[in-house]
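Report on the structure given below.
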Amino acid sequence: MDRKKFIKTGLLAVSGFYFLNSNLFQAVQPKTGKSGKEIIEAPILIIGSGYGGAVSALRLCEAGKKVVMLEMGLNWEKSGIPFSNMLKPGKSAAWLKKKTIAPFMNIFSLAPFTGTLDRMDFENINIWVGRGVGGGSLVNGGMAVTPKESYFKEVFPDLDSEKFYSHYFPLVQKELKVNVIGEQFLKDCPYYKFTRVGEAEAHKAGFKTIRVPNVYDFQYMEKEYRNEVPRSAFNTEVIYGNNHGKNSLDKTYLKKALETGNLEILDLHHVENIKLNGDKTYTLQVRQTDTSGTTVSEKEFNCKKLILAAGTMGTLQLLLHSNAVNHFPVHDQIGKNWGNNGNFMTGRNWVKPLSGGTGSKQSTIPVGGIDNWEDEEHPFFTEIAPLPMGMDVATALYLLINRVDKKGEVYYDPDTKKISLDWNQTNTVKMRENADYFIKKMNRANGGTRSHFLFNNGFGANVCYHPLGGCVLGKATNEYGKLKDHDNLYVLDGSLIPGTIGVNPFVTITAIAEYCIENLIRQNEFV
Ligand code: FAE
């Protein structure tokens with residue numbers, strides 16, 4: 001190449017590079033408004049970086065759209081701060097709390113920090129959620145369960161279930177890097193004694209067990225067992241984040257979306273409320289914080305298209321609060337058909353106390369479940385959950401998932417300026433009956449007692465990891481998640497599922513988001 005041509009090509013390359021970056025940068029280029037607030041224009045905004053948000057970001061970015069994502073939690077990868085484990089809770093352990101907020105044994109003091117796990121306390125139920133870039137994928141157990149087709153059809157009678165089982169579910173299993181533990185490893189590994197004992201006891205009591213797939217990389221796990229790599233699942237890491245092994249969204253969907261060069265993620269940006277403008281665009285009031293939760297800047301974001309993916313409770317809080325403070329239009333179906341996915345925690349003590357109990361070493365990653373769904377009188381599915389306490393406590397822990405025959409409702413409380421829940425004992429009566437039946441049958445066959453010292457006398461009706469519903473697909477939204485009464489607003493998260501899906505929900509949330517965003521893009525909603 002001659003000198004002239006070299007300079008010309010070089011300039012073109014440089015200006016091309018500049019153009020690409022400045023284009024994206026303009027998306028978040030601030031101006032200062034009359035109030036002194038920064039005003040930022042972004043064509044497409046996504047609130048929340050969990051499953052729904054991550055899927056939307058990837059598919060829009062692949063379609064060449066510039067996307068800005070606002071996340072109230074921290075970008076842990078960028079921060080370089082390691083996640084803490086359950087035996088030594090540190091910065092990542094709780095969202096701005098002075099004590100740990102695990103379902104029990106909260107004996108650890110904390111300095112308030114924008115940690116990964118948050119708990120929202122309502123009158124009759126406590127709801128745990130993930131915070132940070134990756135949302136719930138940072139704190140969850142990684143159980144990647146596809147719902148039973150018959151129940152999926154019952155919950156979503158209007159969806160083409162054949163297409164979901166032949167296309168969307170396989171697609172999300174691939175994108176989320178779902179894999180299954182090797183049977184020989186499970187049989188030999190001391191860290192899975194709790195699963196082997198749980199399965200043997202279930203069989204003795206006449207229950208059917210199933211192998212549960214996970215997004216934790218089991219090849220990595222085998223290496224950590226051989227001490228070839230740093231330990232994570234075998235180092236009590238999970239609900240405060242995993243430093244290794246787990247394919248959370250920052251390693252899958254969000255990573256791919258960022259690689260397109262079309263996505264900008266702004267962490268520690270908390271959206272307070274939304275206003276609908278006369279020209280059908282949206283203005284968001286946003287508070288940027290530091291890691292102690294202190295406000296460092298107030299900002300205004302304007303956008304043409306808005307995707308709400310703040311998780312079931314976050315999305316409902318934003319919609320109902322914005323309605324109260326900004327007369328933001330909300331359809332009368334918003335808040336209805338809410339459910340806890342039938343979550344009910346329970347446990348058993350004196351589990352094989354004479355033969356090493358459930359094991360002093362326990363992996364944090366669950367791989368076994370008991371499937372009693374087809375039992376007409378007591379239909380439930382339960383995870384055989386780990387209890388990694390660093391010693392053998394001869395205790396078995398179970399998170400039951402039941403049907404939700406009576407749904408609840410989320411409404412706005414003007415006094416607290418927060419959402420409240422119409423949800424009480426009558427909603428969980430059947431779940432409690434199922435837990436009682438299950439524990440009694442297990443104890444009769446194997447010995448042991450209900451864990452009276454855990455939860456409320458062994459029954460955790462108030463423990464919820466899977467809030468679902470309130471913006472149900474086809475009811476509060478059109479068939480693809482576009483909110484009724486709006487032209488440019490979409491909801492793509494767990495709130496689309498009507499309160500129940502019969503298994504751990506993130507595979508379904510991801511598949512529904514894939515289905516919706518594919519069709520919304522096809523309908524030219526984002527041009
Ligand atoms: P989600 O993942 O909750 O993401 C919402 C994001 O929005 C979060 O990062 C929030 O910080 C952010 N956000 C909320 N409000 C705002 C705002 N105003 N401004 C800015 N950002 C905001 O939503 N499910 C499974 O399938 N398998 C499991 O093994 C499993 N284990 C779990 C264990 C625990 C301890 C917990 C808490 C949950 C578990 N789940 C599990 C549930 C699963 O993580 C949950 O259903 C999904 O994460 C929900 O996905 P969404 O996209 O709805």
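With viscosity set to 0.692 mPa s at 37 °C, what whole-number translational diffusion coefficient in µm²/s follows for the range 130-219 from Stokes-Einstein and a Kirkwood radius over Cα pairs?
Details: Rh = 15.6 Å.
In µm²/s, the coefficient rounds to 210.
Can you list the DSSP H helices in the chain whose Cα atoms extend at least 30 Å along the helix axis and whose mean Kyte-Doolittle hydropathy is -0.5 or higher? Walk me through the numbers on the way to the answer.
On the way: long enough: 3-27 (36 Å, 0.30); 425-446 (31 Å, -1.32).
Both cut-offs are met by 3-27.
Suppose we keep just the DSSP beta bridges with both residues in the chain; what percent of those would be antiparallel, to 5? Intermediate results must be reported in sequence, preceding the final value.
Numbers: 60 of 81 bridges.
Beta bridges within the chain, antiparallel portion: roughly 75 percent.
Once you treat every alpha carbon in the range 420-473 as an equal point and sum by Debye, what is log10 I(q)/I(0) at q = 0.21, 0.30 Å⁻¹?
Per q value, in the given order, log10 I(q)/I(0) is -0.89, -1.27.
Give the value in nm², to one decimal: projected area of the alpha carbon convex hull of the range 184-271, averaged over all directions. Mind dumping the intermediate values first?
Working: hull surface 36.2 nm².
One quarter of the hull surface, i.e. the mean projection, equals 9.1 nm².
Using 0.36 nm per residue, how much length does the chain from F104 to Q333 gain when fully extended, once their Cα-Cα distance is taken away? Could you put the intermediate results ahead of the total?
Working: separation 229, 0.36 × 229 = 82.44 nm, distance 3.49 nm.
That pair, F104 and Q333, stretches by 79.0 nm at full extension.
Which whole-number percent gives the relative contact order of the range 219-289, counting Cα pairs below 8 Å spaced six or more residues apart?
Values: 56 pairs, mean separation 12.0, N = 71.
The value is 17 percent.
In nm, to one decimal, how far is the modelled label at I210 from the one at K275, with both set 7 Å along Cα→Cβ?
Here the modelled spin labels are 4.9 nm apart.
Please arrange F104, F122, F301, F459 by counting, for each residue, the other beta carbons lying within 10 Å of its beta carbon, fewest first. Before the final figure, lay out each step's value.
Details: F104 15, F122 18, F301 25, F459 22.
Taking fewest neighbouring Cβ atoms as first place, the list is F104, F122, F459, F301.
Based on DSSP H runs of at least 4 residues, each adding -39500 (n - 2.57), what is the mean residue ellipticity at 222 nm of the chain after dividing by all its residues, to the nearest 500 deg cm²/dmol?
-8500 deg cm²/dmol
On the principal axes of its Cα set, how long, how wide and how thick is the range 374-527? Give whole Å, largest value first.
Its Cα atoms span 62, 38, 37 Å along the three principal axes.
Could you list S150, S161 so that the one with the fewest beta carbons within 10 Å of its beta carbon is first and the one with the most is last?
On the way: S150 11, S161 16.
Lowest count first: S150, S161.
Against the globular-protein guess of 2.2 N^0.38 Å, express the Cα radius of gyration of the range 351-396 as a ratio, rounded to two decimals. List each step's numbers first, then the result.
Values: Rg = 13.2 Å, N = 46, 2.2 N^0.38 = 9.4 Å.
Rounded to two decimals, the normalised Rg is 1.40.
Under a cut-off of 30 Å between alpha-carbon atoms, report the lysines in cross-link reach of K204, not counting same-chain residues fewer than 8 places apart.
Of all the lysines, those that pass the test against K204 - Cα under 30 Å, at least 8 places apart if same chain - are K148, K187, K193, K352, K361, K430, K440, K441.
Quick one: R119, R522, R131, fewest Cβ neighbours within 10 Å first, how do they rank?
Working: R119 18, R522 10, R131 28.
With the sparsest Cβ surroundings first, the list reads R522, R119, R131.
So which aspartates and glutamates can K484 reach, going by Cα to Cα under 13 Å and dropping same-chain residues fewer than 8 places off?
The reachable aspartates and glutamates, counting only those whose Cα sits under 13 Å from K484, are D332.
Could you give log10 I(q)/I(0) at q = 0.15, 0.21, 0.24, 0.32 Å⁻¹ for the range 303-350, computed by the Debye formula over C-alpha point scatterers of equal weight, without solvent?
Debye curve over Cα of the range 303-350, log10 I(q)/I(0) at q = 0.15, 0.21, 0.24, 0.32 Å⁻¹: -0.54, -0.85, -1.01, -1.28.
Residue by residue through the range 164-171, which ³J(HN,Hα) values in whole Hz follow from phi under the Karplus form 6.51 cos²θ - 1.76 cosθ + 1.60 (θ = phi - 60°), with glycine and proline marked x?
Those phi angles translate into 5, 7, 9, 10, 5, 5, x, 4 Hz.
For the range 175-328, go through all pairs of different Cα atoms, get the mean of 1/r, take its inverse, and jot down that Kirkwood value in Å. Write down the numbers at each step before the final one.
Values: mean 1/r = 0.0505 Å⁻¹.
Kirkwood hydrodynamic radius for the range 175-328: 19.8 Å.
For the range 326-447, take N as its residue count and report Rg(C-alpha) divided by 2.2 N^0.38 Å. Write down the numbers at each step before the final one.
Working: Rg = 18.9 Å, N = 122, 2.2 N^0.38 = 13.7 Å.
That works out to 1.38 for the range 326-447.
In debye, nearest 20: dipole of the chain around its Cα centre with unit charges on the Cβ of K, R (+) and D, E (-)?
Numbers: 61 positive and 55 negative charges, 232 e Å.
Here the size comes out at about 1120 debye.
If I take every Cα pair under 8 Å that is 6 or more residues apart in the chain, average their sequence separation and divide by the length, what percent do I get for the relative contact order? List each step's numbers first, then the result.
Numbers: 1242 pairs, mean separation 106.1, N = 527.
That works out to 20 percent.
For a label point 7 Å from the Cα of A63 along Cα→C-beta, name the residues of the range 484-523 whose backbone N is under 12 Å from it.
Within reach of a label on A63, which here means backbone N under 12 Å from a point 7 Å along Cα→Cβ, the range 484-523 contributes 514-523.
To make sure I understand the rule: partners must be aspartates and glutamates, Cα under 13 Å from the Cα of K153, and not fewer than 8 residues away in the same chain. Which ones qualify?
Counting by Cα, and skipping residues close in sequence, K153 has these aspartates and glutamates nearby: E162.
Using bins 10 angstrom wide from zero, how does P(r) for the range 164-211 break down, in % of all Cα pairs?
For the range 164-211, the binned pair fractions read 22, 34, 28, 16 percent.
Restricting to DSSP loop positions (anything but H, G, I, E, B) with no more than 13 other Cβ atoms inside 10 Å of their own Cβ, which GluC sites (Glu not before Pro) remain in the range 311-417? Write out the running numbers ahead of the final one.
On the way: sites: E374, E376, E377, E383, E409; in loops: E374, E376, E377.
Of the GluC sites (Glu not before Pro), the ones in loops of the range 311-417 whose Cβ has at most 13 other Cβ atoms within 10 Å are E374, E376, E377.
Over the Cα atoms of the range 405-496, each weighted equally, I'd like the Debye log10 I(q)/I(0) at q = 0.24 Å⁻¹, rounded to two decimals.
Scattering profile of the range 405-496, log10 relative to I(0): -1.22.
Just to check, using Stokes-Einstein with a Kirkwood Rh over alpha carbon pairs, what's the diffusion coefficient of the chain at 25 °C and 0.890 mPa s in µm²/s?
Values: Rh = 23.9 Å.
Here the translational diffusion coefficient equals 103 µm²/s.
Which pairs break 19 Å Cα to Cα here: K174/K208; K91/K417; K78/K256? Don't jump to the answer; show the numbers that get you there.
Working: K174/K208 27 Å; K91/K417 28 Å; K78/K256 16 Å.
Where the Cα-Cα span goes over 19 Å, the pairs concerned are K174/K208; K91/K417.
Each value in this text was obtained by applying a stated rule to the coordinates, not by laboratory testing. Note that the structure is predicted; figures quoted are calculated from it, not measured. Here Cβ is always computed from backbone atoms with ideal geometry, including for glycine, and neighbour counts include all displayed protein chains.
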